[in-house]
Each structure stands twice: as structure tokens, then as C-alpha cells.
Amino acid sequence: MQRIVWKILRTGILTEPVYNLDKLPEVARIHHEILHILGRALCIRQVDAGSCNGCELEIHALNNPYYNLEGYGIKFVASPRHADLLMVTGPVSHNMEVALKRTYEATPDPKLVLAVGDCGCDGGIFGESYASCGRVANVIPVDFAVPGCPPPPIDILRGVLGLARRMK
Amino acid sequence: MKRERLRREAWVTHARALAARGGRLVALWGTERAEGRVLCAAYATPEGLQWAELPLAGEATFPDLAPVFHFAGRMQRALGDLLGLTVENAADRRPWLNHGAWPAAYQPLARAASGREAFADCGVIDYPFVRVEGDGVHEIPVGPVHAGIIEPGHFRFSIVGEKVLRLEARLGYVHKGIEKRFTQLAPLEAHRLAGRISGDSTVAHAWAYCMALEDAAGVELPPRAAWLRGLMLERERVANHLGDLGALANDAGLAFGLTQFSRLREDWQRASREIFGHRFMMDGVVPGGAAADVAPPMLERMRADGERLAKEVKSLRAILDGHAGLQDRFLSAGRLRPELAARLGVTGLAARASGHAIDLRCDQAWAPYESLEVRMATQRNGDVAARVSVRFDETLESLRLIGEICDKPPRGEHRVELQVPAGEAYGAGWVEGWRGEVFCALELEGGAIRRCHAHDPSWQNWPALEHAVMDNIVPDFPLINKSFNLSYSGHDL
Ligand code: SF4
């Protein structure tokens, strides 16, 4: 136990702090604006609809201490029924088409959809084929898209902000 | 690599003879050539890689390899979905990759198929899972959309109380036609697709593809290029092990572990971006070498980073090892005994944690590993604790290797030009990725890709997970699953 506490103290706080808005690093500014617009927590359900898993790794990174997503009240939830926003990756494989549509149906309003990654935006390198429906918008309505292969965490965070701005 | 043609009668006896002298099946796939369909298998033999072929001459069935190599079963079922080939007198006729996305008569990998066909809804195929009967037995279906941020797949648990009697996985949800897509790309471009087979193994898959292409083109890789690739592959191993160690601690209730390892991983990925231009080093391995060279100050930085990280990892290891609550969850959970691991043909990290000393970096002569003397990490217990321990050892060993590579990189070119052969050519690539052996078989014709089969070690290890979870309690499944951390995308293709 002692060693754990010691390690935590030595590591310090890595998340960039939220006060002193003008001088803030981008991560904190984005968090601040999202919080300001929403004024409440944001629940995200992530759906991998056919990705290579690269995008998922970067979405995971949003929860590391540098981006500290949960620390700002934005959290990933286990069921679409608890979600405000679906974060969808990958070209939608035909085998995931039905599951994605059902997840979308199960999501309550505002039912926001953020497509993440080149594949989600336009099918990426996989495109459309006998097995792939291509971009997410071919299967469910998309509100905002974040390109990149995979987009780094800061870009995904910017995407969440872009979506929040639309909710204003 | 040796390519050998076999007759139908010899297909199984050949496999049996290989197995008897310690050979392993690496991959099984099908291809269509001018002569017709051909079944192919890659074997790891004491003498190296062997590519065996069985020309089918118009026949749609082939002899069953599953009695010799257990994990061949699912690959054989996939052959039915992709090329219309099935096992003689097959007992299990359920499709594997096709969930109703295309009609049974359509064969995506056949030459006649463009791969761009679009089918109206063919209806979801009913998939009968194996039922467990008995007093108090019930089923829990999980997926394809999971509760966490993970890839999609379906798990069917048959349980009594909270004990798992049987787990049956159904995969194929992220099948997006990668193997057909290969044939639409130029050979000098397709490494980008290989690098997107499984995002966490982008270096390993891209390297295997490039190795296959270089083999087919008869190109000798410059020593510096091999060392740069080695650097990237070891960095990829470290990044994944850091991520897994954090997630494993978290799944066992120690959030501190996730916080610590995820910050180390973030630092690591940021450095990869600065040095190789991409947080995962995607597209860093290119045909003929590495996309860019690394300047001496960066090599120095990598060495220093590695030393610092090794210290951090050691201090975290001491904390995790000394945490009674954590060890209580790790020890004896998800046990895969050495005999069973051997019978199932398990490979890579999971095999090493179950007492099997298999690591291509030690077993095969390929640059740069032949001059690095990799120390293999093994454990005998086969439980979650063993897989955690192997990850710790391998992380430290990779950091040592990175230091060695940065100390004395050979001079010279980091990339050579590669001429794609105009005629028919074959090549194979075989790389020890962080999860296990990644394999690639390539056929070229007229300067284009006729067939590219990419094989992820997850094929070998998925069936092992089903065994490892038996008799454990359902709430331990996420932990056990994470300790294998298998790829869905790499398997489904
Ligand atoms: S955008 Fe890139 S990283 Fe994301 S799923 Fe597609 S190929 Fe993978």
C-alpha cells in the first residue's frame, strides 16, 4: 500500500489543469468548453462496427491521465440505453450492420453519432465490397466525423467538442 | 521457404509425420489458380517454414486436418465461406465468416468474383450453438456489441451457478473482405492494407507482407532496414504489453495499475510519433525496407527512454507482485496446462506462458534477431499470472533489445528499390509479433497480387481461450480474456 501511495505521489497530476483559461493547453480548453456547453455529464457508447482496432486503441487512450476524459464527466457506458452519443468506428462490415442498427435504435434521444477514423468517414482503405458497407453514414445517420487513421486522441476530443457545439 | 506439392492421399499422412517430429501447423488457406483450386498449408518444421500444396483438380472437398492439428477446424470452415471448399464428410457444416452477408453460392476469393458485388439482404443465418444439457444449466449470450471498448464477437456461456461449463465463441463479425481487397491493390501499395489487418500489430503484419513480397521478388533486405524494422517491432511489443498490463490490473480491481501503465504507454506512443511519424508506426515498414531512417540523436533518445521505462516497469512489477488481492485474482485463473496447450497448437505469448518455448526471434534465423540473442520468456503455470509474468519479462527484454539496436545499428541504406516480378512468383513472410507468429503468403502474377493470405496467431489461440475459461466463474472471464488479448479483426479479415 505504502509503495502505491508513494508511486502516486511521485507521478503527480498529469492532466493539464482547468483554471486560467487563456494559458491552458488544448486538452483542458476543450474539456472546459464541453462542460460549459453541456453543463452536465456526457455518456458515450462506443461501437466497433468493423474497425481494425487501431481506432479503439486511441479511444482507450482518452481515459489515460493525459486526456482524463472521465475526470471531466465524459464517460463510456456499457449500454446504448444509457448513452447520449454513439462513437462508431470502422467501415461497417455487413456482419455488423444489423447489430449497429439495433444499437442505434436502442439509444435514446438526442441519439448523437460520431464517426471516428478514416474508415468510419469514408470506408478508408477497405472501401465498399461484398463484405463491407463502407462509411458509417451508409448505415445510420452521422452527426460529426473525425478523420485520421487512427485519429490521435486529441482529434477525437476535438470531435466530441464539435458535436457538443452543435447541441448548443 | 520450401513449396511442396502433395497428393490427396498424402495430405494427412504428411501432416502426421510432421507433427510426430515436432512440426506445427502455422496457417491453412485456399487459392484459385489457372489449374484450379489449390489448398495450401504452412508448417513450422525444425528446418524452417514449409509451404505444402494440394491441387484439388475440380474437387470441392479436401481431407480433414483437424484430427492432427486441432485449430485447423475453423480455418477449414472459413474455406467453405470464401472459396466453396469443404472438408470430406464434414461433421460441422456451420459457416464461420459468412453470417448471411453473401449467398452461399458466392465465393469471394474465386477468380470470377470481383469482390465488389453487393447483395441484397440475405437474411441473418441461424447459428446453432452446441447445447449443454443438465439440471440448472443455463446460457448467457454476450455480444457482438460488448460492454467495453472492444472489438465485436459473440460468446455463448453455458453455466451452472456461476461456473462456466462451456464457452463457445462465434467470430467473423468484422470480416470486411481484406483478402479480396489485397488483389485490388498494387503490390507496392498493399503493405498499407497489411498494416491495417489488426491495428495493434500493424508493424508485425506489414513486416510479414513485405517479407513475403521481398521473398517473391528475390530482394535482399539491407541490414540497416532490418534493424529499423526490429526497432519498430519491439516498440510495438512494448506498447501492447504496457496496455495489457494496465488493463489486467484494472480488470482485477487495481485501477492504479491502469493509470500508471496507460501514462507510460502514452509517453511511449508520443515518442513513436516523434521518431517514426505515427503513434502506432503505421506505414513505417515498406517494401524494400523502412519508410524513414532514424537519426543518431533519436537513437540516443530511444535508448535513454528505454532505460527510464525499464526502471518504471520494474518498480510497478514489484508493486503488482506484492499486491495480495491482485495475485489472488491472477493465480490459477484461466489455466491452460502445457499438455492442453500443445494439443491445441497454441502459439506466441500464450504458448510461452504454458511452458512452450516457441519464439521465432529465437528459433529462426532472420535479421536482425539472428545477431541479437533474444532471451525467451517462459512460464509453466499457464494461468493469468503466468501470462502477466511473460509480459513483464518480454517488456524488459524488448527494452534491452532496443538499447542494443540503438547502440550499434549497421550503416547503409534504410530502403532498397524493389522490382515487382512480371511473371508468376511466390513468397512467404513470418514474423514474431507481440501476440505470436504472424504469417503472410503471397502469390504474384503479371505484376499484380493474385492471392495474399494474411494469418494472425489469434486463429490458433481463440479455441484455447474456450478451454482456459472452463470451470472458472463468469466474472473472471473479462480478466482471462484480456490475459490472452486476441484479435478479432486479424482473425475475421
Ligand atoms: S481508420 Fe485506420 S485505425 Fe481506424 S479502423 Fe480504419 S484502418 Fe483502423
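Near B:GLU443, within a Cβ-to-Cβ distance under 9 Å, what is the net charge of the other residues, with Lys and Arg +1 and Asp and Glu -1? Spell out each step's value before the answer.
Working: positive: B:ARG33, B:ARG450, B:ARG451; negative: B:GLU424, B:GLU445.
Once all neighbours under 9 Å are counted, the net charge is +1.
Under the criterion of Cα pairs below 8 Å and six or more residues apart, the relative contact order for chain B equals 18 percent. Taking all protein chains into account, the per residue accessible area for the range A:22-167 stands at 35 Å² (1.4 Å probe). If you take the Cα centroid of the range B:444-493 and the Cα centroid of the range B:124-146, the two points sit 20 Å apart.
Please identify the GluC sites (Glu not before Pro) of the range B:67-154 that satisfy two criteria: DSSP loop assignment and at most 11 other Cβ atoms within 10 Å. Which are they? Present the calculation step by step, with values, prior to reporting the outcome.
Values: sites: B:GLU88, B:GLU117, B:GLU133, B:GLU139; in loops: B:GLU88, B:GLU117, B:GLU133.
Sparse-neighbourhood loop GluC sites (Glu not before Pro): B:GLU88, B:GLU133.
Considering only DSSP beta bridges whose two residues both sit in chain B, what percent are antiparallel, to the nearest 5?
Values: 49 of 55 bridges.
Given both bridge residues lie in chain B, the antiparallel proportion sits at roughly 90 percent.
A loss of 10 Å² or more of accessible area (1.4 Å probe, protein heavy atoms, ligands and nucleic acids excluded) relative to the isolated chain is seen in these residues of the range B:279-295: B:ARG279, B:PHE280, B:MET282. A compact globular protein would have a Cα radius of gyration near 2.2 N^0.38 Å; the ratio found for chain B is 0.96. Taking Lys and Arg as +1 and Asp and Glu as -1, the other residues whose beta-carbon sits under 13 Å from that of B:ILE178 total +3.
For the range B:90-123 versus the range B:192-218, the inter-centroid distance based on Cα atoms is 26 Å.
In the range B:341-396, which GluC sites (Glu not before Pro) are in a loop and have at most 11 other Cβ atoms within 10 Å, using DSSP for the loop call? Spell out each step's value before the answer.
Numbers: sites: B:GLU370, B:GLU373, B:GLU394; in loops: B:GLU373.
In loop regions of the range B:341-396 (DSSP not H, G, I, E or B), the sparsely surrounded GluC sites (Glu not before Pro) are B:GLU373.
Modelled label positions at B:GLU47 and B:ASP126, each set 7 Å beyond Cα in the direction of Cβ, lie 5.1 nm from each other.
Which FRET efficiency value, to the nearest 0.05, is calculated for B:GLU35 and B:ASP328 with the Förster distance at 56 angstrom and r the Cβ-Cβ distance? Show your work: numbers first, answer last.
Values: r = 59 Å, r/R0 = 1.06.
Between B:GLU35 and B:ASP328 the formula returns 0.40.
Per-residue Cβ counts within 10 Å, from other chains only, averaged over A:40-49: what number is that?
On the way: counts 0, 0, 0, 0, 1, 3, 5, 5, 12, 6.
Taking all residues of A:40-49 together, the mean is 3.
Reported to two decimal places, what Rg/Rh ratio describes the range B:183-286 when computed on Cα atoms with Rh from the Kirkwood expression? All intermediate terms of the calculation are to be shown ahead of the outcome.
On the way: Rg = 15.9 Å, Rh = 14.8 Å.
Looking at the range B:183-286, the ratio lands at 1.08.
Straight-distance candidates among the lysines for linking to B:LYS2, with alpha-carbon spacing under 28 Å and chain neighbours fewer than 8 residues away dropped: B:LYS180.
Summarised in one figure, the compactness ratio Rg/Rh of the protein assembly as shown, Cα atoms and Kirkwood Rh, is 0.95.
For B:ARG116 and B:LYS408, what does the FRET efficiency come to when R0 = 45 Å and r is the distance between their Cβ atoms, rounded to the nearest 0.05? Each step should come with its number before you reach the end.
Working: r = 49 Å, r/R0 = 1.10.
Step by step, r from the Cβ atoms, then E = 0.35.
In terms of Cα atoms, the Rg and Dmax of the range B:48-145 work out to 16.7, 52 Å. When chains B and A come together, the accessible area they lose, probed at 1.4 Å and totalled over both chains, is close to 4200 Å². Considering only beta bridges that DSSP places wholly inside the protein assembly as shown, some 70 percent are antiparallel. Computed over Cα pairs, the Kirkwood radius of the range A:1-124 leads via Stokes-Einstein (0.890 mPa s, 25 °C) to a diffusion coefficient of 151 µm² per second. Mean projected area of the convex hull spanned by the Cα atoms of the range B:298-386, taken over all viewing directions: 7.4 nm².
Quick one: pull the percent of accessible area on chain B belonging to carbon and sulfur, 1.4 Å probe, ligands and nucleic acids left out. It would help to have the intermediate numbers written out before the result.
Numbers: 8880 of 17490 Å².
On chain B, the fraction of accessible area on carbon and sulfur atoms equals 51 percent.
What does the charge count around A:ILE125 come to, taking other residues whose C-beta lies under 9 Å from its C-beta (Lys +1, Arg +1, Asp -1, Glu -1)?
Details: positive: B:ARG181, B:ARG192, B:ARG196; negative: A:ASP118.
Overall, the nearby charge balance is +2.
The simple spin-label model puts a point 7 Å past each Cα toward its Cβ; for B:GLU466 and B:ALA304 those points are separated by 5.2 nm.
For chain B, with every protein chain kept in place, what is the accessible area per residue (1.4 Å probe, Å²)?
Details: 17490 Å² over 493 residues.
Accessible surface, normalised per residue, equals 35 Å².
The values are calculated or read from the model by the stated rules, or taken from the named source; none is laboratory data. The model shown is predicted, which means the values in this text are computed figures rather than measured ones. Virtual Cβ from ideal backbone geometry, glycine too; neighbours counted across all protein chains shown. Remember, those area values only see protein heavy atoms, side chains included, never the ligands or the DNA or RNA. Shrake-Rupley method; radii C 1.70, N 1.55, O 1.52, S 1.80 Å.
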